[in-house]
Amino acid sequence: MLAGIGSVFLLLPPTSMMLSTAGNLKIWAIVAAVGGSIDPMRVIESNIVEGHLSPAVLQIAYIAIAFLGAHMGTELVKLICKGAA
């Protein structure tokens, strides 16, 4: 939404700016939700090697839920912009 407001000040079409910003920020939303480092991958690896599947499955679930949330946010922006495009 802020990208749309900023694009009005720059005299650009708000819908195209909102759609491109939502697409560009999707991967960073996943990285932020996961923790922003390689630590979740180490947790998955170390727990599978030791035979503890529950923490590994939990980390994989966190990554999947983060992706789902980022995707839903992008789809919401697309839905909002659909009427104006």
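Rule-based calculations on the coordinates, nothing more; no lab input. All values reported here derive from a predicted model rather than from experimental measurement. Please note: Cβ atoms are built from the backbone with ideal geometry, for glycine as well, and neighbour counts cover all protein chains shown.
The figures follow:
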| item | result |
| --- | --- |
| nm² value of the averaged projected area, convex hull over the Cα atoms of the chain | 6.0 nm² |
| Residues Glu50, Glu45 arranged by fewest to most Cβ contacts within 10 Å | Glu50, Glu45 |
| Leu19, Leu10 arranged by Cβ crowding within 10 Å, fewest neighbours leading | Leu10, Leu19 |
| Dipole magnitude of region 2-82, debye to nearest 20 (Cβ charges: Lys/Arg +1, Asp/Glu -1, about Cα centre) | 360 debye |
| DSSP H segments from the chain that extend 18 Å or more along their own axis, Cα-based, with Kyte-Doolittle mean of 0.0 or above | 14-34, 53-82 |
| Distance in nm between pseudo-label sites at Lys82 and Ile5 (7 Å out along the Cβ direction from Cα) | 2.6 nm |
| Of Leu19, Ala56, Ala66, farthest towards positive along the dipole that unit charges on Lys, Arg, Asp, Glu beta carbons give the chain | Leu19 |
